[in-house]
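The values are calculated or read from the model by the stated rules, or taken from the named source; none is laboratory data. Worth saying up front: this structure is predicted, and the values here are computed from it rather than measured. Neighbour counts are summed over all protein chains in view; Cβ atoms, including those assigned to glycine, are modelled from backbone coordinates with ideal geometry.
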Amino acid sequence: MPQTWKGEFKNKAKDGTVYWVYAIIAPTWDTAGKKIGYTAIRQDITSKKLLEELAVRDYLTGLYNRLKIDELIEYEIVQSSRYKTPLSMLILDIDYFKHVNDSCGHQTGDQVLKEISQILKSVCRSSDSIGRWGGEEFLILLPNTKLDEALHVAEKIRQSIDEHIFTIVGHKTASLGVSQFINDDSLCSFLKRADNALYQAKEAGRNTVVLG
């Protein structure tokens, strides 16, 4: 006899509202052992799913938070090692961001962070993971992406930010460090190369991309 199915799924109401359901679906049988239908028990778990999503998102930008992006780095390293696929990382820092907060206030700084987040979402693929790494730093994981391809993405991000007219502050730039996961890497060494490359980009005058 078929087993009972249990699971979560996303559904859409007639008005277009998306909601989540937990369901248990089990076959029903008559006394002769013949299947005569199914019994379903459904529970709306939309609130639960929203809370789960909030727990892994940065409250300001809506991107993944530091805790979640750390988890995703570990996951992607395992996937890359297991399937021998390339994995690259970008770390981005907004140039002279402290000056924005000091001269225009934290609300303006928050707006810059939101607009940077939108630029990152528009440039990156759905398979990429974007997180707010802390303060004015962002981290982007690029699975199935070699170093030269990651450099192209980083340059596109840098250029998009350079050309964007930000609310109130107008022109801003960003520096980026890029690294690719290699066989004997640990999580720390993978991160350190990208972070060192970012430091070199800032030392080189900012608004640039450096490979680590």
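When region 118-127 is examined, which residues are found to be assigned to a loop (DSSP other than H, G, I, E, B) and without any contact (Cβ under 8 Å) to a residue 24 or more places away in the chain?
Listed by number, the residues that qualify are Arg125, Ser126, Ser127.
Check region 82-93 and report whether any residue there is basic (Lys, Arg) and assigned to a helix (DSSP H, G or I).
yes
For (1) of a type outside the set (S, T, N, Q); (2) over 20 Å from the mean Cα position of the chain (by Cα); (3) farther than 16 Å from Val100 by Cβ; (4) not assigned by TED's automatic domain parsing to the domain that holds Ser103, each residue gets a yes or a no:
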| site | (1), (2), (3), (4) |
| --- | --- |
| Phe181 | yes, no, yes, no |
| Leu191 | yes, no, yes, no |
| Asn196 | no, yes, yes, no |
| Ala201 | yes, yes, yes, no |
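The rows are residues; the columns are (1) out of contact with any Phe, Trp or Tyr (no Cβ under 7 Å at 6 or more places or on another chain); (2) among the charged types (D, E, K, R).
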{"position": "Leu113", "(1), (2)": "yes, no"}
{"position": "Ser117", "(1), (2)": "yes, no"}
{"position": "Leu120", "(1), (2)": "no, no"}
{"position": "Ser126", "(1), (2)": "yes, no"}
{"position": "Arg132", "(1), (2)": "no, yes"}
{"position": "Glu137", "(1), (2)": "yes, yes"}
{"position": "Ala150", "(1), (2)": "yes, no"}
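Do we have any residue at all in region 6-13 that's surrounded by 11 or more Cβ atoms within 10 Å (Cβ to Cβ) and basic (Lys, Arg)?
The answer is yes, given that some residue of region 6-13 is surrounded by 11 or more Cβ atoms within 10 Å (Cβ to Cβ) and basic (Lys, Arg).
Take the residues in region 93-130 that are under 20 Å from Leu211 (Cα atoms) and of a type outside the set (Asp, Glu), then tell me which one is farthest from the chain's Cα centre (by Cα). Working first, answer last.
So the first thing to find is which residues in region 93-130 are under 20 Å from Leu211 (Cα atoms), and the list is 93-95, 120, 123-124, 128-130.
Filter again for of a type outside the set (Asp, Glu), leaving 94, 120, 123-124, 129-130.
Numbers: Ile94: 18, Leu120: 10, Val123: 12, Cys124: 10, Ser129: 3, Ile130: 3 Å.
So, considering only residues that are under 20 Å from Leu211 (Cα atoms) and of a type outside the set (Asp, Glu), the one farthest from the chain's Cα centre (by Cα) is Ile94.
Pick from region 43-65 the residues that are in a helix (DSSP H, G or I) and among the basic types (Lys, Arg): which of them is modelled with the highest pLDDT?
Top of the filtered list is Lys48.
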